[in-house]
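Working notes for the structure below.
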Amino acid sequence: MTLQIDSLAISTDEAQTHELEIDQLHEQVATLDADILSAIEHRTELVRRLAAATDNAAITTPSTTFDDLGSDGSAFSRMLARIASATR
């Protein structure tokens, strides 16, 4: 008995389309990463200026700002505070 499984194979066009979609997703992620890095750098500069203007060495993000991230929200907030204070 022979089983033919041609229906499971994908065509060359489908494979190329899939590769193109994957490449586009990688490009979008890279663009977002660059935007995020730029926003963090901008935020860091603002926090440092705020700390200097108020003589406050420990400006922090309100604890509920990143609650939508779940348990990682507080870790993210602490990470941003560490970045801002790292090279002050």
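List of remarks:
- Test: residue in segment 7-21 that is at pLDDT 90 or above, part of a helix (DSSP H, G or I), open to solvent by less than 100 Å² (accessible area, probe 1.4 Å) and under 30 Å from residue 84 (Cβ atoms): no
- Condition check for residue 61: outside any helix (DSSP H, G or I), modelled with pLDDT under 85, of a type outside the set (Lys, Arg) and surrounded by 10 or more Cβ atoms within 10 Å (Cβ to Cβ): yes
- Scanning segment 37-57 for residues that are farther than 15 Å from residue 86 by Cα, under 16 Å from the mean Cα position of the chain (by Cα) and open to solvent by less than 90 Å² (accessible area, probe 1.4 Å) yields a count of 2.
The values are calculated or read from the model by the stated rules, or taken from the named source; none is laboratory data. Fair warning: this is a prediction, and the values are worked out from it, not measured in the lab. Here Cβ is always computed from backbone atoms with ideal geometry, including for glycine, and neighbour counts include all displayed protein chains. Please note that ligands, DNA and RNA were not included when accessible areas were found on the heavy atoms of the full protein model with its side chains. Shrake-Rupley method; radii C 1.70, N 1.55, O 1.52, S 1.80 Å.
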